[in-house]
Ligand code: NAD
């Protein structure tokens, strides 16, 4: 379905981003993976995409804190593959603390990585997508784009922001064959979720089991984590012809969390 297309997925060295990159590759797209991590592991991840799916995969080390590196990543991908047809703005970090103790430098980093990086990526890909009359921009938002939880001020602000960015750009490019949507997962079991458990234990004075049951899955009526494959499946659907009329949509996939 995505043969001859190129997808750039930010934050795809692990978790949801890697799941999306592999799912696009399975559909025949060449992919640019990006993110932090151990160089040997990243190279193994890149090679596995090529050998599992017979596509070309390249790695960009662009740091989402740095607008110039984001612009360069898109420019390099366009040169290497001829186009960037799909952009998934997925890189994200979390920090959990009461607002009065929230380190300002964490606030700045979360806003930069979880929100501003999407703006920089979008402004770099839109001209090429407009020229070709086709594009898919998918922002990994969160249930926290729709509702809040305590102790996550920066994350919730950034994710609400990305919902606004999604809708605004969708309107601007609506007649250009480009769709812009946000996926809002509930809790997905990835390194990002695992890493916030110790701070949540501290902030709420709870055990690990209590955090999983009473904080994480308490929010999700299904009492099950969303899976990376389910999120990646929605991303692939958004790139299909059946989804051509879906744009500006803020799409929960959260086990019923935001139905409360
Ligand atoms: P993850 O920690 O597995 O992946 C995050 C990715 O972002 C990694 O590849 C990491 O290297 C990359 N990254 C972090 N800082 C970066 C930087 N400065 N520059 C470039 N890359 C950077 O986490 P995940 O759960 O897969 O999260 C992916 C996205 O999904 C995030 O935007 C997150 O907010 C969102 N999300 C996750 C969940 C969940 O429950 N896991 C729920 C809703 C939304």
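FYI, it's all coordinate maths here, none of it is from the lab. Source: prediction; values computed, not measured. No Cβ is skipped: glycine too gets one built from the backbone with ideal geometry, and neighbour counts run over all protein chains shown.
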Using the beta-carbon distance between residue 218 and residue 71 and R0 = 51 Å, what value does 1/(1 + (r/R0)^6) give for FRET efficiency, to the nearest 0.05? 0.80
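Which of 119, 225 has the fewest other C-beta atoms within 10 Å, and how do the rest follow up to the most? Display every interim value, and only then the final one.
Numbers: 119 16, 225 19.
Arranged by neighbour count, lowest to highest, 119, 225 become 119, 225.
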If you look at just the Cα atoms of the range 129-260, how large are its Rg and its Dmax in Å? 16.4, 54
Rounded to whole angstrom, the alpha-carbon centroid of the range 198-260 lies from that of the range 167-196 at a distance of 12
Helix axis angle, 153-172 relative to the chain longest principal axis, alpha carbon, degrees: 30
Compare 174, 124, 29 in a GNM of the chain, Cα atoms joined below 10 Å, and give the one with the largest fluctuation. 174
When the chain is treated as a GNM, springs tying every alpha-carbon pair under 10 Å, which of 30, 90, 66 comes out with the largest mean-square fluctuation? 66
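Once you sort the root eigenvalues of the Cα gyration tensor of the range 60-117 as a ≥ b ≥ c, which label holds: rounded (a/c under 1.5), prolate (a/b larger than b/c) or oblate (the other case)?
Numbers: a/c = 4.40, a/b = 2.90, b/c = 1.52.
Prolate, because a/c is 1.5 or more and a/b exceeds b/c.
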Which of rounded, prolate or oblate describes the range 97-152 when judged by the alpha-carbon gyration tensor and an a/c cut-off of 1.5? oblate
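Counting pairwise Cα distances across the range 194-258, what percent come out greater than 16 angstrom?
Across the range 194-258, Cα pairs with separations above 16 Å total 59 percent.
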Nearest-ten-degree value, helix 191-204 long axis tilted from longest Cα axis of the chain: 20
Build a GNM of the chain with springs between Cα atoms under 10 Å: which of 56, 159, 79 gets the top mean-square fluctuation? 79
Enter the angle in degrees (range 0 to 90, nearest 10) between the Cα long axis of helix 67-81 and the first principal axis of the Cα atoms of the chain, meaning the one along which they spread out most. 40
Taking Cα atoms of the range 12-103, Rg/Rh with Kirkwood Rh, to two decimals? 1.04
Using alpha carbon centers only, the range 1-69 is separated from the range 71-142 by a whole-angstrom value of 14
Whole-number D in µm²/s for the chain (Stokes-Einstein; Kirkwood sum over Cα pairs; 37 °C, 0.692 mPa s): 178
How much mean residue ellipticity at 222 nm does the chain get from its helices, if each DSSP H run of length 4 or more adds -39500 (n - 2.57) and you divide by all residues, to the nearest 500 deg cm²/dmol? -13500 deg cm²/dmol
The exposure ranking of 102, 237, 81, 24, fewest beta-carbon neighbours within 10 Å first, is 237, 102, 81, 24
